[in-house]
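The values are calculated or read from the model by the stated rules, or taken from the named source; none is laboratory data. Everything numeric here is computed off the predicted structure, so don't read it as measured data. Please note: Cβ atoms are built from the backbone with ideal geometry, for glycine as well, and neighbour counts cover all protein chains shown. For accessibility, only protein heavy atoms count, side chains too; no ligands or nucleic acids. Shrake-Rupley method; radii C 1.70, N 1.55, O 1.52, S 1.80 Å.
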Amino acid sequence: MKLTPHASLLTLNTLALDAHCHWLAEVEQTDDLPQLVANAELAGLPRLVLGGGSNVLFCDDFAGVVVLNRLKGIALQDEGDHWLLHVAAGENWHELVCHTLQQGWYGLENLALIPGTVGAAPVQNIGAYGVELASVCAYVEAFNWQSGEIERIAAADCRFGYRDSIFKHEYQDSHFITAVGLRLAKAWQPSQGYGPLAALGEQPSAQAIFDTVCATRMAKLPDPAVLGNAGSFFKNPVVPAALAASLKLKYPQMPLYPAGEGLAKLAAGWLIDQCGLKGFAIGRAAVHQEQALVLVNLGGASAMELIALAAHVRDSVEQKFGVVLEHEVRFMGCRGETWLDEVLA
């Protein structure tokens, strides 16, 4: 384990914000974790786990320990009708998707090009093009900071929801994800109910779905290595079906998806676009010109510029549609997670 005091986080968050932390700890094996707990100098400091840093906005310097998850390794088990993959949490998510496709283990192709690490995937219950991690997750293994033990948490106990899980709530501060179990059916069936995948015809190959997802994402989403961003900044709002129906009457072209009994899901990007906000900027923070759901750092943006832009986008959508957007990106204050309204207060 490598410990660095007063470390810069500039290259460790894809929004490219120039924040610092009191300590940076790079964890490369699970044996490093008890050492962190036993370190008296770090005791009592707030703790933040980072993977790829692709879903965090540092509102301030972090006055604690940032723990970088660098655990590696992939193991395969044949379960007859399924493949079971045991994947270390520090593995890159997209590289895992590519690896499974090359090996003929299908089921992750809709989730291609989602930035970040495997360990971050269950926290957000990542999803794209009609597939969520919850549909393939068998379990999550996590180190309990209090007990010093690694626990295996069944998927049914992870409380997966839309961009949500127990790891954003009760287990946020108490558990460090070390590995994820993924169960992929050998009798694979394509999932193509969203967007351009529906145009692929009956029974497209997993490779065709992967290629289409990658092409679609690359056409719309900026590369964080070129233009700082955290991907989709806001969640697609789930609203009462009655509200959705009334908006659909007023805006017939509005995308609308079923979201359970009495509920409907709207497309946040479409709502923002209808407010005329593509390209809108506050300082060096801007709404991306091609995809309104993405807020970008044009270079040298401050945290407060991005926060002010997020507030303006949210308020504009609420004023026009009566729908309140919730940010998907995690806002991180000096001692832990915070929220847009708390930062603005």
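Table: residues versus (1) among the hydrophobic types (A, V, I, L, M, F, W, C); (2) touching a Leu at 6+ places or on another chain (Cβ under 8 Å); (3) within 17 Å of VAL136 (Cβ to Cβ).
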site	(1), (2), (3)
LEU9	yes, yes, no
LEU15	yes, yes, no
HIS22	no, yes, no
ASP32	no, no, no
ALA43	yes, no, no
VAL67	yes, yes, no
LEU85	yes, yes, yes
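Under the condition of being open to solvent by 40 Å² or more (accessible area, probe 1.4 Å) and more than 27 Å from THR14 (Cα to Cα), which residue from the stretch 202-224 is nearest to the chain's Cα centre (by Cα)?
Here the answer is GLN207.
For VAL65, work out the one condition from (1) assigned by the TED database to the domain that holds LEU17; (2) over 16 Å from LEU33 (Cα atoms) it doesn't fulfil.
The one condition VAL65 does not meet is (2).
Residues in the stretch 250-282 that are over 23 Å from GLY127 (Cβ atoms), open to solvent by 50 Å² or more (accessible area, probe 1.4 Å) and part of a loop (DSSP other than H, G, I, E, B): how many?
Residues that pass the stated criteria total 5.
Any idea which of (1) in contact with a strand residue (DSSP E or B) (Cβ under 9 Å, 6 or more places away or on another chain); (2) in a loop (DSSP other than H, G, I, E, B); (3) not assigned by the TED database to the domain that holds LEU108 is the one ASN229 doesn't satisfy?
In the conditions (1) in contact with a strand residue (DSSP E or B) (Cβ under 9 Å, 6 or more places away or on another chain); (2) in a loop (DSSP other than H, G, I, E, B); (3) not assigned by the TED database to the domain that holds LEU108, ASN229 misses (2) alone.
PRO204 - would you say it is in a loop (DSSP other than H, G, I, E, B) and either at pLDDT below 95 or not small (Gly, Ala, Ser) (or both)?
yes
Per-residue answers, yes or no, for (1) closer than 23 Å to GLU326 by Cα; (2) not β-branched (Val, Ile, Thr):
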{"position": "GLY201", "(1), (2)": "no, yes"}
{"position": "VAL213", "(1), (2)": "no, no"}
{"position": "ALA219", "(1), (2)": "no, yes"}
{"position": "PRO237", "(1), (2)": "yes, yes"}
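Quick check on the stretch 312-330: of everything there that is open to solvent by less than 40 Å² (accessible area, probe 1.4 Å) and of a type outside the set (D, E, K, R), which residue is nearest to CYS59 (Cα to Cα)?
Residue satisfying both the conditions and the ranking: VAL329.
Step by step: first the residues of the stretch 286-345, then only those that are in a loop (DSSP other than H, G, I, E, B) and of a type in the set (Asp, Glu), then the one that is farthest from SER165 (Cα to Cα). Which residue is that?
Among those residues, the one meeting the criterion is GLU290.
Out of all the residues in the stretch 164-198, which are open to solvent by less than 30 Å² (accessible area, probe 1.4 Å), within 30 Å of GLU28 (Cβ to Cβ) and part of a loop (DSSP other than H, G, I, E, B)? Step through it out loud before you land on a result.
Applying the first criterion (open to solvent by less than 30 Å² (accessible area, probe 1.4 Å)) to the stretch 164-198 yields 165-167, 174-182, 184, 190, 197.
Within this subset, residues satisfying the condition of being within 30 Å of GLU28 (Cβ to Cβ) are 165-167, 174-182, 184.
Selection gives SER165, SER174.
Take the residues in the stretch 97-138 that are in contact with a helix residue (DSSP H, G or I) (Cβ under 8 Å, 6 or more places away or on another chain) and of a type in the set (Phe, Trp, Tyr), then tell me which one is modelled with the highest pLDDT.
Checked the stretch 97-138; the qualifying residue modelled with the highest pLDDT is TYR106.
Output the residues belonging to the stretch 8-28 that are open to solvent by 40 Å² or more (accessible area, probe 1.4 Å) and part of a helix (DSSP H, G or I).
Scanning the stretch 8-28 gives LEU10, THR11.
Please go through the stretch 66-95 and pick out each residue that is buried (at least 18 other Cβ atoms within 10 Å of the Cβ) and within 19 Å of THR30 (Cβ to Cβ).
VAL66, VAL67, LEU68, ASN69, ARG70, LEU71, LEU85, VAL87, ALA88, ALA89, GLY90, GLU91
Looking only at strands (runs of 3 or more DSSP E) that fall completely inside the stretch 29-107, which ones have 2 or more residues that are under 26 Å from GLY336 (Cα atoms)?
The qualifying strands (runs of 3 or more DSSP E) are 47-50, 56-58, 62-69.
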